[in-house]
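For reference, the structure discussed in these notes is given below.
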Amino acid sequence: MVRTITVHSFKGGTGKSTITANLATALAARGRRVGVMDMDLEGPGLHVIFNITPEEVKHTLNDVLLDAVSPDEAVIPMNGRLGLEAGSLYFSPASVRVGEMLRTLRTGFELESFSRAIAKLGTSFKLDYVMIDTHPGIENDTLLVMGVCDHLVIVSRIDQQDIFGTGVVVDIARTLEKPAHLVVNMVPKGLKASDASKLVKGIGHHFKVDVAGWLPFSDAVQSSLSKSVFILTNPRDAVASRFQDLAKQLESYN
Amino acid sequence: MGILSRKTKTLILVLVASLFLAVGLVPVHAATQYALSLNPGRTQEQSSPGVTVTLTVTGASSGQPYSFLLLVTDPSGAKSNATRSTIAPGSAFSFQLNYPSDFSRGSIKYVGQYNVNVAQTTPSVSASVASGHLDVGLTDKSTYERTYPVSIKADAYSSNETVRIDITHASLSAPDFPAFVNADPSGNVFFSWLTTPDLPIGNYNVTITGGSTVKAVRDSQSFLLDLTGVTIRGINVAQSSLMRSQTARFSFSADYLGGGPVQSGFATLLVTQPDFTIQQVPATYNATSARFEAGYRIPLVSMNGSWTALVKANSLQDSYGNSGPDSSPSADFIVTPASLSVDLNFTRGDIVIGNVVAIYSNITTPDGSSFAAGTVSAFVSPPGRPIGNQVNLLYDSSQRKWVGSYTVSTNDPSGVWLVKVSASDPYGNSGSGSTSSIVTVVAPVSQGSTLTLWFLTAFGAIAAGLLVGLFLLRRKRTFQHHLQVDLQAVSEEASKVKNQEFFQSIKEQIEKQREGKGS
Ligand SMILES: Nc1ncnc2c1ncn2[C@@H]1O[C@H](COP(=O)(O)OP(=O)(O)O)[C@@H](O)[C@H]1O
Ligand SMILES: [Mg+2]
C-alpha cells in the first residue's frame, strides 16, 4: 500500500519544495519507489529542482483525475535524469488547482476522487510513497491534500509568524486525525547544534507535535538556487546527511 | 372578462403544444435492446454456487408484458431451460437467474463451453434476442505462476469412487502424477497441486479418469504455467559499524510470490555511500546458511558515515528463470576511518656516532592487509628530547614494510630511546605505535646549534596556540531567541478554518473513508 506524505507550511518560502525533492530522492536512493506531486500551483518549484521544462509536461495529474489519460502518461520517470540507480522516482506535475477541479466534478466526493487517483498512481508504479508538495496557507486544496495524506510534514522556520502558523496547522491536523511531524528549516547558523535541538524540541513540546528533525540555514543550499536536487549535487555537505537522516525518520513512520 | 379568458385559452394552447413537443422528443419507438451477461464467465465443475445470468432489456414499452425462454446447451449437447415473464415497469428492466439452480435439468458437470440463448416469446416472437457462453474447467484459473497451487474440482462421479488424475506437460507426466484420489460421498473430486519453482513453463494438460464412471465429455483441460517473481524479506549486515578496509557482509533470504524460499541463484546488491556513489556487489545463494550472501571490502578511500545496502530491482535470478524483486528493503551501516596498527623495530645496544640506524615498521589496516600508501614518520627521542627527531619512512613493497634511517649525532645521549611511528593518509585513516630501546652512544661530542631549533619550535607552538584561541573566540558568538506564541490565538485562528464549509466536508469524507476501511 502506498503511503502519502504531504509537505506543508503555513507561510511561503519555508523550504517545502527543497525538502520534498530531497527527501523523495533520499528515499529512492534507499530503494523505495517514490512518486512526487507538485500541488503548489501559485509557485510551483519542483520542476525547476528536477530540471523539467514546461514543454516536457504533456499531461498532468488533473488528466488522471478526469480519467482522460492513464497514470503513466502523467508522470515523468526521474531515475535516468538524476542518475539514480537504486529505487524509483517519478514526478507528477499538476496544472490547475486540483481541489477546485474536483469540486466542479463532484462536490462532497473530492477526497474519494483524489485518493482514488493517488491509489491508481500507486498501483501502476508499485509506489511505496507519494510525496505531495503544497502551496502555503490553508485553502481548499491544501485542506484536501491534508485530508488525503497518511502523514503531514509541517515545515517551519524559527520565526514568530511561521511558528504561530505551525500551531494552527498542527491544530487542524489533529482535528482531521492526521499524524503530523514538524521539520524546522533554516535554523540560524550561529545556533549551536545542541541548542537548536533543544529549541526545536521546545517548539514540538509547546504544540504537542512530533519533531522529525531540523535543518540549518545553509549557504550551500541557498546558492544552489533550487536548480538541482541538493543531496545529489552536494552529497558530502553536512545538510545532505541531515536530509538522509530525515528520510530514515520518515521511513520509520508506519 | 372576455379578454382574460382569451389570454387563458392562449396560455392553455401554448402549454398543450409544448407538452406535445416534449413528448414528441422522447424516443418511444427506439429499438428494444437486449444484453446478456454471465458472472463469473468461467468456473469449475460444481453445481453450487453456479453462475448468475443477467438479462437487461432497454428500449422496452412500459406496461407491456414480456416473456423469455432461456436455453443452455452444455458441452455434451444436453439442453436445459428456464422461462421468465414480467410486465415492463418502465423502458428498462432486467432480471437474474442462477445457472444451474433456476434451470430445469441444469448442471455444471462437464468441462467446455456452455452456450446460452435467449428467445423472446412475448410481445413478439424472436428465436434469439441475446446469447452468451460460460466456460467451465477443472482448475480454478487458466494461468498460474509457479509456486501457486492449482486447485482442481470435478463433479458427477460416483460416491467415494477412486479417480485417476493426470497432469502432463509435453506428453510427460508432471512429478507426483498420476495421482489417485477418492470422490466425496456426493461424487465431487477435490485436489490441489502445489506448483514448484522449477517446473517447466508452458501448457499443461489435466485429465480425470473415473474408476467406473465414464462421463459423456471427458474431464480434460489445459492450463498455462508461467514464471514467478520473488520478494526480499530483509537485508542483514553482519556488523552495524565497520572501519574502512573491513569487509561488510550482507545476507538476505528471498521468497517466491506464491510462498516458499528461493534456494538457488544470484542477485546484485547496491551498496550506496553517503554521497550516493554506488557499488554493485554480487550476492550468491549459500545452501549451508540457506541465505543469499555478499561481501564488500570497504576501500580505504571511501566515505565515512551512513551507508545503505539493498537488492537491485529485478537482479535476483534463480536457477529456473524466476526473477525479482520489484523493490527491496534496505539496511544501513556506519563506516568509520581505519585505525592503523603500527608495529616497529629499532635497534638496541651500542651505536657509534655517525652511524645509520634503520627503523622498520609494519603497518596494517583493520583487515590485516599491509598499509602501503600514505605518510609515515618516525620520531626518534633520545632521553630528554620529548619532541623527537623526525624521520620520514618509505614503503618497501618487497618487504611490505616502511623503512627509514636515523643518523646518530654527536649530541644524542645514551639511555632509553623512545621511537614513535605515526601513519596517516589524506582520507583520515591513521594510527601510531611506539617502542623503546636501551641505547649506548659511543664517543660523546660537544653541543651546538640545536638550541636555536628548540627556541624556534617552542615559538611556533605558542603562535599556533594563539591562532586556535582566536578562532574559538570568533565562533563563540552566542545566539538568543525569545519566541512568544499564544496558544489561545493559535486555536482561534484554527477555529476560523474549522468553521468553513469545505473543512467540514473534508472531515466528513475522511470519517466516511475510515468507516469504509474499517468495515
Ligand atoms: N536549509 C536551507 N538553507 C538555506 N536556504 C534554504 C534552505 N532550505 C531552503 N532554502 C532556500 O529557500 C528558498 C525557498 O525554498 P523552497 O523550497 O522553494 O520553499 P517553498 O517551497 O516552501 O516556497 C529557496 O531559494 C531555497 O533554496
Ligand atoms: Mg514551493
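Below are the figures for this structure:
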| quantity | calculated |
| --- | --- |
| Pair list, Cβ < 7 Å and 6+ apart or interchain, from region A:107-132 residues that are among the basic types (Lys, Arg) to residues that are in a loop (DSSP other than H, G, I, E, B) | A:Lys126/B:Asp326; A:Lys126/B:Ser327 |
| Sole residue being more than 16 Å from ligand 2 (Cβ to nearest atom) and at pLDDT below 90, chosen from A:Leu182, A:Leu232, A:Leu191 | A:Leu191 |
| Subset of region B:402-425 (residues that are open to solvent by 60 Å² or more (accessible area, probe 1.4 Å) and in contact (Cβ under 8 Å) with a residue 40 or more places away in the chain) | B:Ser405, B:Thr407, B:Lys420 |
| Number of the exception - B:Met303 against (1) more than 20 Å from B:Ala254 (Cβ to Cβ); (2) within 14 Å of chain A (Cβ to nearest Cβ); (3) open to solvent by 70 Å² or more (accessible area, probe 1.4 Å) | (3) |
| Identity of the residue in region A:138-156, modelled with pLDDT of 95 or more and open to solvent by 10 Å² or more (accessible area, probe 1.4 Å), that ends up farthest from the other protein chains (Cβ to nearest Cβ) | A:His151 |
| Matching residues, region A:219-251, being near ligand 1 (Cβ under 9 Å from one of its atoms) and hydrophobic (A, V, I, L, M, F, W, C) | A:Ala220, A:Val221, A:Leu225, A:Phe230, A:Val239 |
| Scan of region A:7-32 for residues that are more than 13 Å from ligand 2 (Cβ to nearest atom) and in contact with a Leu (Cβ under 9 Å, 6 or more places away or on another chain), ordered by number | A:Leu23, A:Ala24, A:Thr25, A:Ala26, A:Leu27, A:Ala28, A:Ala29, A:Arg30, A:Gly31, A:Arg32 |
| Residue ID - farthest from the chain's Cα centre (by Cα), chosen from residues in region A:1-16 that are buried (at least 24 other Cβ atoms within 10 Å of the Cβ) and away from chain B (no Cβ under 14 Å) | A:Thr14 |
| Members of region B:123-145 that are within 22 Å of B:Ile208 (Cα to Cα) and outside any strand (DSSP E or B) | B:Leu138, B:Asp140, B:Lys141, B:Ser142 |
| Segments classed as helices (runs of 4 or more DSSP H), wholly inside region A:157-254, with at least 1 members that are open to solvent by less than 10 Å² (accessible area, probe 1.4 Å) | A:160-175, A:193-207, A:230-233, A:238-252 |
| Selection count where residues are touching a residue at least 40 places away in the same chain (Cβ under 8 Å) and within 16 Å of A:Tyr253 (Cβ to Cβ), scope region A:170-189 | 3 |
| Filter result for B:Ser67 (within 30 Å of B:Thr213 (Cβ to Cβ), modelled with pLDDT of 95 or more and not hydrophobic (A, V, I, L, M, F, W, C)) | no |
| Within region A:7-37, tally of residues that are under 26 Å from B:Asp275 (Cα atoms) and within 16 Å of ligand 1 (Cβ to nearest atom) | 16 |
| Test: B:Asp343 is acidic (Asp, Glu), assigned to a loop (DSSP other than H, G, I, E, B) and more than 19 Å from B:Ile278 (Cα to Cα) | no |
| Test result for A:Leu41, more than 15 Å from ligand 2 (Cβ to nearest atom) and either within 14 Å of chain B (Cβ to nearest Cβ) or not β-branched (Val, Ile, Thr) (or both) | no |
| Every pair of residues 6+ apart whose Cβ atoms lie under 6 Å, when the first sits in region A:202-227 and is within 12 Å of chain B (Cβ to nearest Cβ) while the second is open to solvent by less than 30 Å² (accessible area, probe 1.4 Å) and within 16 Å of ligand 2 (Cβ to nearest atom) | none |
| Residues satisfying the stated conditions in region B:56-94, i.e. open to solvent by less than 30 Å² (accessible area, probe 1.4 Å) and within 49 Å of the chain's Cα centre (by Cα) | B:Val57, B:Val72, B:Asp74, B:Phe93 |
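Table: residues versus (1) among the basic types (Lys, Arg); (2) touching a Phe, Trp or Tyr at 6+ places or on another chain (Cβ under 9 Å); (3) away from ligand 2 (no atom under 16 Å from the Cβ).
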{"site": "A:Asp133", "(1), (2), (3)": "no, no, no"}
{"site": "A:Ile154", "(1), (2), (3)": "no, yes, no"}
{"site": "A:Gln160", "(1), (2), (3)": "no, no, yes"}
{"site": "A:Ile163", "(1), (2), (3)": "no, yes, yes"}
{"site": "A:Arg174", "(1), (2), (3)": "yes, no, yes"}
{"site": "A:Phe207", "(1), (2), (3)": "no, no, yes"}
{"site": "A:Leu215", "(1), (2), (3)": "no, yes, no"}
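Here's the yes/no breakdown for (1) touching a strand residue (DSSP E or B) at 6+ places or on another chain (Cβ under 9 Å); (2) outside any loop (DSSP other than H, G, I, E, B); (3) over 30 Å from B:Ser264 (Cα atoms):
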{"position": "B:Glu293", "(1), (2), (3)": "yes, yes, no"}
{"position": "B:Val301", "(1), (2), (3)": "no, no, yes"}
{"position": "B:Leu310", "(1), (2), (3)": "yes, yes, no"}
{"position": "B:Asp326", "(1), (2), (3)": "yes, no, no"}
{"position": "B:Asp332", "(1), (2), (3)": "yes, yes, no"}
{"position": "B:Ile351", "(1), (2), (3)": "yes, yes, yes"}
{"position": "B:Val357", "(1), (2), (3)": "yes, yes, yes"}
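The values are calculated or read from the model by the stated rules, or taken from the named source; none is laboratory data. If you're wondering where the values come from, they're calculated on a predicted model, not measured in any experiment. Here the Cβ is made from the backbone with ideal geometry for all residues, glycine too, and neighbour counts use every protein chain on show. Ligands, DNA and RNA are stripped out before the accessible areas are found, and what is left, the full protein with its side chains, is counted by its heavy atoms. Shrake-Rupley method; radii C 1.70, N 1.55, O 1.52, S 1.80 Å.
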